[in-house]
Structure formats: C-alpha cells, structure tokens
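In what follows, a single structure is set out as structure tokens and then discussed.
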Amino acid sequence: MTQGADNPHCGVEEKSLTKKQVLKYAEDLAVLFRAEKNQRLRLEESNAQLKKYAEDLRLSHQELQDFLLTASHDLQEPLRKAVTFGDLLKTRFRQQLGPAGFEYIDRLAGAVQRMQRLLDDLSAYSRLTIETHPRAPANMGEVISDAVAGVKSQAEALGGSLKLEIQPNPVLEVDAPQIGQMFKCLVANGLKFRKRGVPPELVIRSRRTDDGKWEFTVRDNGIGFEEKYLDRIFKPFERLHPSGEYDGAGMGLTVCRKIVERHGGEITAKSSAGNGAAFFVVLPEKQSPPRS
Amino acid sequence: MEKILVVDNDKEVRELVEVTLAAPGRRVLHAESGKMAIEMTLDQKPDLIIMDIVMPGEINGIEATRFIKKRQETKDVKIILLTAKVDPSFKKQGAEAGADNFFLKPFSPRELKEKVERTLNNFPDA
Ligand SMILES: Nc1ncnc2c1ncn2[C@@H]1O[C@H](COP(=O)(O)OP(=O)(O)OP(=O)(O)O)[C@@H](O)[C@H]1O
Ligand SMILES: [Mg+2]
C-alpha cells in the first residue's frame, strides 16, 4: 500500500487525480474485472462437475441397493423349490429313505431355512435406504416406549423388567419408524443374550452431551461380549455367540448402525464377557441437509 | 442491501470507487464533504464509509469520523480513512477519532476491494 511513493505529485494540497492516474486505474480495473469473471466461470464449472459426481454416486448407490433387493428376492425362488422337493422326497420316498435319510432331509431343510432368513435380512437391510420416512420432530420418550413395548412384556414374562429413564425427554428430528426399529433391535438383543437363570434387566436412559447432542444408553445384565470384538458385531452377518444357543442372522446391529449413521449419529458399545452390555447411541437434535 | 458511503470532494475519485465496488446487493452512496457525510450517515446508516481526510469545508475526514464514532446510533458504522500522504500524525489522529482502517491514495482497484472486504468482515490488515 505504498503506492503514494510512486506519485510524488499526489500531495495533500494537490489532491485531485491526474489524468494518468485515472487512466492507470481504469486499466487496472479492467484487468481485475476480467480476472474476477474468469474465476467465477471456473467456479461455476467445478460446481457443475461436483454436482454431476454427486448425482452419479447417488445413482450407482441406488443401483446397488436395487440390485441387492432383487438379488435377495430372486435367490428365494430356488430355495423354495428345494424345500418343496425335500417335502416331496419325504412323503413319496418315506420307505426308501429310512430314519437316517429323513434326518438328512430335515437338516437340509434347516439349512435352507437359515439361508432364507439371511436373504430376508439382507433385503430388509437394502430396503432401509429405499424406504425412508420424512424426518420430523418426534418425542423420543414416546418413540422408544412404543417400539420396545413387545420386548418389555417378554422381559416381564421372564420375571425381569425393561425400564425407561428418558429424562430429560428430548424432541429430535428423526425418521421415527426407523429410530424405533433401532431401539427395538437393541433391547431384543439385550433380552436374547441374557444369562441363563437370571431375570433380564434392561434399562434405556437419555442424557444431553456437552456438545449439545443426545446420548441414549441401552443397558442389559446379560452374558456380554469381549470388547475386542466390538468392530465385528456391527458388520453384516457377524455373530459372537454360537448359533445353536442363540438364533439370529447377525444383521440386527448392522441395521442399527446404518440407521444411526443416516441420522448423522454414532453408535458404540461397552461390555465384557459375563458382565452385561451397554450400547450408546448419539443423535443430533436437528438433521443437516438429507444424506443418503 | 449493503450500503457503502464514499466521501471525497473529487467526483472522479468517488466514481472510480463506485465502479470498483459495485456489486449486486450493494449500494454505493456519494457525499462530497464532511458535513454531508455526517448528514447522510445519520439518514442512511451505511455499513461502511470510505472517506478522504483532506476536504475543503469546515469539517474534514477526521472530524467527521470523530462525530460518527461518538454517536450511539452510528458508532458501529465502519470507517476507512483515505489519505494521499504518508503522514503519521494523520494516522494517529484518525485512529484516535475511531477510524477502523486507513488507505493510501492512489490505490489499485484490487487493493481497494480487499481493504473493503477485510474491514467489513472485521479482519485485521494483512
Ligand atoms: N446385548 C448383547 N449382549 C451380548 N452380545 C451381544 C449383544 N448384542 C449383540 N451381541 C453380539 O453381537 C452379535 C451381533 O448382533 P446382531 O444384533 O447384529 O445379530 P444377532 O442378534 O445375532 O442377529 P439378528 O439381530 O440379525 O437376529 C450377536 O450375535 C452377539 O454375539
Ligand atoms: Mg440382534
């Protein structure tokens, strides 16, 4: 800003601009405007490009989801045939099969059934991104108590309890059916992985975090799990406990995590073998512009 | 609508400043003396004033700045003082009067734009 030095005539007394200065200024101005215009054009161009990338990404993601949905649907068809022919074998070839043959066919049917469940879960998972509901402010106390009512009566039937300590009770902008499904899935796990001979005690709590979000805790007094496997339990079809004792496809927590992430939140858990488990879900109060 | 008031007795300077700063959503107003600058500031409440220190008439740029920065209803208006001479006493007086920034004449259009953006956004001078 020391241009005054180039212009010794521009003193205080003689302060009006010389022709030369005005001309120079006009030239500079033309250069500046041209540069600004180019910059604007470049910016518009890269914006358009970015938009196109985002759209392409959205489309290919959508295609993948659609594919998953159709694939899991189409795979059911041959499985149904296998079940039908297994039944036919059993009824028409009863004599020839004998008890051992019968048992093999039953095992076959069992395996097919598991496969069907896996496919069901897979399609439910891919439907998640397709079937969304508009986000609207929802009273979390109500959303949660509606969603867990069924599990609560099961827990009580087993001599245990499910307590809601949603205090304070936040109103959050959420896809309520999905968030309800997530809580249901968490308490269902709490109930399923209970200790033998110990009545299941489940508690859901809420609290406001320091950075203005909401944390929900779902705690149980069940068998727990070793925390070093924490990463695995949120992955599709991952299960830590033997399927003979505890049934399930291993998709529950995968779905939970997906729902939470779609709300811009986070889910994690704390546990140790034999000491119950606690799942932590952090959700923002308001949703930033929709994500897919 | 953002308003910028340019104060200089030289019409050519005012016009150069106006074309440089013209933008959608912004109006550039003119005043040709310190007295007129005060009247227009009270009347129009501009966001920013770019004002020459040396002007003929009873009120110069420094006095106008002092007046504007003392009044409750105009004290938040940003002021850039223009001077054609590197005179430290001007800068000192201007700062005491409450000016937010200083600018040497002659200046390039790019410098003017940057100075204005910085002052409007409360960025200190680079
Ligand atoms: N509350 C819990 N206590 C102990 N282990 C748990 C608990 N919740 C989940 N797990 C472990 O994490 C694994 C994955 O859980 P997830 O809900 O995804 O699957 P699942 O319950 O086995 O099957 P699905 O939910 O699909 O019926 C479980 O198999 C179990 O080993
Ligand atoms: Mg589960």
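Per residue, how much accessible area does the stretch B:2-118 show when a 1.4 Å probe rolls over the protein heavy atoms, in square angstrom?
Values: 5210 Å² over 117 residues.
With all protein chains present, the stretch B:2-118 gives 45 Å² per residue.
Net charge around B:E73, counting only other residues with Cβ within less than 13 Å of its Cβ (Lys, Arg = +1; Asp, Glu = -1)? Display every interim value, and only then the final one.
Details: positive: B:K45, B:K69, B:K70, B:R71, B:K75; negative: B:D43, B:D76.
My count for the surroundings of B:E73 gives +3.
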Could you run the Karplus curve 6.51 cos²θ - 1.76 cosθ + 1.60 with θ = phi - 60° over the stretch A:69-86 and give me ³J(HN,Hα) per residue in whole Hz, x for Gly and Pro? 5, 5, 4, 5, 5, 5, 5, 5, 4, x, 5, 4, 4, 4, 5, 4, 5, x
Using label points projected 7 Å from each Cα along Cα→Cβ, tell me how many nm separate B:E117 and B:E73, to one decimal. 3.4 nm
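Between beta-carbons, use under 15 Å as the cut-off and find the net charge around A:P137, counting Lys and Arg +1, Asp and Glu -1. Please list the in-between numbers first.
Details: positive: A:R135, A:K286; negative: A:E142, A:E173, A:D175, A:E285.
It works out to a net charge of -2.
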If one takes the longest principal axis of the Cα atoms in chain A, at what angle in degrees, from 0 to 90 and to the nearest 10, does the Cα axis of helix A:176-192 lie? 40 degrees
Residues with beta-carbon under 15 Å from that of A:D210, excluding A:D210: net charge, scoring Lys, Arg +1 and Asp, Glu -1? -1
Lysines with Cα under 24 Å of A:K192, excluding same-chain neighbours fewer than 8 positions away: A:K152, A:K163, A:K184, A:K228, A:K235, A:K258, A:K270
Sequence-distant residues sharing a close amide H with A:K195 (under 5 Å, placed H): A:I223
What range in chain A is the longest one free of GluC sites (Glu not before Pro) that are in a loop by DSSP and have at most 10 other Cβ atoms within 10 angstrom? A:15-244
Using θ = phi - 60° and the Karplus relation 6.51 cos²θ - 1.76 cosθ + 1.60, list the HN-Hα couplings for the stretch B:98-105 in order, rounded to whole Hz, with x at every Gly or Pro. x, 4, 8, 7, 10, 8, 8, 9
The answer for A:A138, listing residues at least 5 apart or on another chain whose modeled amide H is closer than 5 Å to its amide H, is A:L172, A:E173, A:V174
Can you spot the aspartates and glutamates whose alpha carbon is less than 13 Å from A:K90's alpha carbon? Ignore those fewer than 8 places along the same chain. A:E103, A:D106
To the nearest whole number, what is the average tally of beta carbon atoms from other chains within 10 Å of the beta carbons of peptide B:99-109? 5
Phi angles of the stretch A:37-49, converted by Karplus (6.51 cos²θ - 1.76 cosθ + 1.60, θ = phi - 60°) into ³J(HN,Hα) in whole Hz with x for Gly and Pro, give 5, 4, 4, 4, 4, 4, 5, 4, 4, 5, 5, 4, 5
Comparing each residue of the stretch A:23-39 in the complete protein assembly with the chain by itself (heavy atoms, probe 1.4 Å, ligands and nucleic acids ignored), those losing at least 50 Å² of accessible area are A:Y25, A:L32
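Just how large is the dipole of the protein assembly as shown about the Cα centre, in debye to the nearest 20, putting +1 at every Lys and Arg Cβ and -1 at every Asp and Glu Cβ?
Values: 64 positive and 62 negative charges, 233 e Å.
Dipole size: approximately 1120 debye.
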Which whole-angstrom value gives the distance between the alpha carbon centres of the stretch B:1-46 and the stretch A:47-66? 48 Å
Rounding to the nearest 10 and keeping the result within 0 to 90°, find how far the Cα-based axis of helix A:94-130 lies from the longest principal axis of chain A. 20 degrees
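Any of A:K20/B:K78; B:K3/B:K113; B:K45/B:K115; A:K24/B:K113 with alpha carbons more than 23 Å apart? Name them for me. Intermediate results must be reported in sequence, preceding the final value.
On the way: A:K20/B:K78 31 Å; B:K3/B:K113 14 Å; B:K45/B:K115 20 Å; A:K24/B:K113 16 Å.
Violating the 23 Å limit, Cα to Cα: A:K20/B:K78.
Could you work out [θ]222 nm for chain A from helices alone, using -39500 (n - 2.57) per DSSP H run of at least four and dividing by all its residues? Round to the nearest 500 deg cm²/dmol. Before the final figure, lay out each step's value.
Numbers: 6 runs with 161 residues, N = 292.
When only DSSP H runs of four or more count, the value is -19500 deg cm²/dmol.
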Amide H to amide H, which residues 5 or more places from B:L29 or on other chains are under 5 Å from it, using H placed in the peptide plane? B:I4, B:L5, B:V6
Could you tell me how many degrees, from 0 to 90 and to the nearest 10, lie between the Cα long axis of helix A:252-262 and the main elongation axis, the longest principal axis, of the Cα atoms of chain A? 20 degrees
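What are the semi-axes of the equivalent ellipsoid of the stretch B:2-118, taken as the square roots of 5 times the eigenvalues of the Cα gyration tensor, listed largest first and rounded to whole Å? Could the numbers behind the result be given before it?
Numbers: eigenvalues 68, 58, 36 Å².
Ellipsoid semi-axes (Å, largest first): 18, 17, 13.
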Rounded to whole Å, give me the distance from the Cα center of the stretch A:219-292 to that of the stretch A:127-203. 13 Å
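Going from the alpha-carbon gyration tensor of the stretch A:17-127, what semi-axes, largest first and in whole Å, does one get by taking the root of 5 times each eigenvalue?
Details: eigenvalues 1164, 16, 8 Å².
Working from the Cα gyration tensor, I get semi-axes of 76, 9, 6 Å.
The values are calculated or read from the model by the stated rules, or taken from the named source; none is laboratory data. All values derive from a computational prediction rather than experimental measurement. Cβ sites come from the backbone with ideal geometry, for glycine too, and all protein chains shown count toward neighbours. Remember, those area values only see protein heavy atoms, side chains included, never the ligands or the DNA or RNA. Shrake-Rupley method; radii C 1.70, N 1.55, O 1.52, S 1.80 Å.
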